[in-house]
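The values are calculated or read from the model by the stated rules, or taken from the named source; none is laboratory data. Just so you know, these numbers come straight off a predicted model, no measurement behind them. Because the Cβ atoms are built from the backbone with ideal geometry, glycine has one as well, and the counts that use them run over all protein chains shown. Keep in mind that these areas ignore ligands, DNA and RNA; they rest on the heavy atoms of the full protein, side chains included. Shrake-Rupley method; radii C 1.70, N 1.55, O 1.52, S 1.80 Å.
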Amino acid sequence: MSGLRILVVDDERPVLDELAYLLERDERIAEVTCAGSGTEALRLLQERDVDAVFLDVAMPGLSGLELAAVLARFRTPPQLVFVTAHAEHAVDAFDLRAVDYLLKPVREERLREAVRRVVDGGATAPRDDTIAVELGGVTRLVSRSQVSFVEAQGDYSRLHTATGSHLVRLPISSLEERWRDTGFVRIHRSLLVSLPHVEEIREEEGRVAVLVGGRELQVSRRHTPALREQLRRTRRGEG
């Protein structure tokens, strides 16, 4: 069978039917299966393979986040798209490697964009990770590739991009672990830098700094050897 196989999970039948209808209209999708609960979804997944699961967050019994945690332990986990009325769960959703996060009511063009992310996510490794941020009460997505550096602010982190900065409810240690193999290097206990965004490396009297987005960021003595090693590996094409 060509095309994507999708499982939609939502305990509200009208929402479930509407999502299934819209997804079936997408020419990239071959099959849409529906489940009214997390438990029913797990039973269906024992019987068939799917490429992606579109699931609600707030469901009685097994919630969408709990179901996603179970799916993450599958040998070949399906891609996840959360469809919910609750924007506050976006950070948790992307911690579970969701490829997208849709807010109800879902517009058809926005749903098609989510399907595109599923298609791209299945073909790209590693996938460009995304972080949900709040801007004026609206949840938006910032791609990892847009982030030039991260600045620790207590238990939060500030993501710096070419167009501004965004405070997210994640400690810098979590982002360091999450993005370790994608060119991000810790240069200070409060700074995480994307090497592709480094414009210059400056050294004076034994002190090292990097220029990122026009800003000079100091590298601590403790982190200087790791930065030098990562730069050496990058020059040699080792990653």
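Would you confirm, using the coordinates I've provided, whether ARG97 is at pLDDT 80 or above, open to solvent by 30 Å² or more (accessible area, probe 1.4 Å) and of a type outside the set (Phe, Trp, Tyr)? So ARG97 does not fit the description; no. Comparison of ARG25, ARG5, ARG43, ARG13 shows that the only residue that is closer than 16 Å to GLN79 by Cα and either open to solvent by 10 Å² or more (accessible area, probe 1.4 Å) or modelled with pLDDT of 95 or more (or both) is ARG5.
Screening VAL193, VAL150, VAL210, VAL168 for residues that are β-branched (Val, Ile, Thr) and over 26 Å from LEU96 (Cα atoms) leaves exactly one candidate, VAL210. Residues that are among the basic types (Lys, Arg) and under 27 Å from ARG97 (Cβ atoms) are absent from the range 196-206 altogether. Suppose we keep only residues that are of a type in the set (A, V, I, L, M, F, W, C) and at pLDDT below 90 within the range 216-236. Which one would you say is surrounded by the fewest Cβ atoms within 10 Å (Cβ to Cβ)? So the residue we want is ALA226. What do you reckon, is LEU192 under 15 Å from the mean Cα position of the chain (by Cα) and either within 16 Å of SER143 (Cα to Cα) or polar (S, T, N, Q) (or both)? No: the conditions fail for LEU192.
A residue that is without any contact (Cβ under 8 Å) to a residue 24 or more places away in the chain, of a type in the set (Val, Ile, Thr) and out of contact with any Phe, Trp or Tyr (no Cβ under 8 Å at 6 or more places or on another chain) occurs nowhere in the range 50-60.
Looking only at residues of the range 157-211 that are of a type in the set (D, E, K, R) and part of a strand (DSSP E or B), we find that the one that is most open to solvent (accessible area, probe 1.4 Å) is GLU204. Annotation note: of GLU200, GLU205, the sole residue that is of a type in the set (D, E, K, R), in contact with a strand residue (DSSP E or B) (Cβ under 7 Å, 6 or more places away or on another chain) and free of Cβ contacts under 8 Å to residues at least 40 places away in the same chain is GLU200. The one condition from (1) open to solvent by 50 Å² or more (accessible area, probe 1.4 Å); (2) under 29 Å from LEU170 (Cβ atoms); (3) in a loop (DSSP other than H, G, I, E, B) that GLU113 does not meet is (3).
Among the residues making up the range 66-86, those that are farther than 22 Å from VAL119 by Cβ, more than 15 Å from the chain's Cα centre (by Cα) and open to solvent by 20 Å² or more (accessible area, probe 1.4 Å) are GLU66, VAL70, ARG73, ALA85, HIS86.
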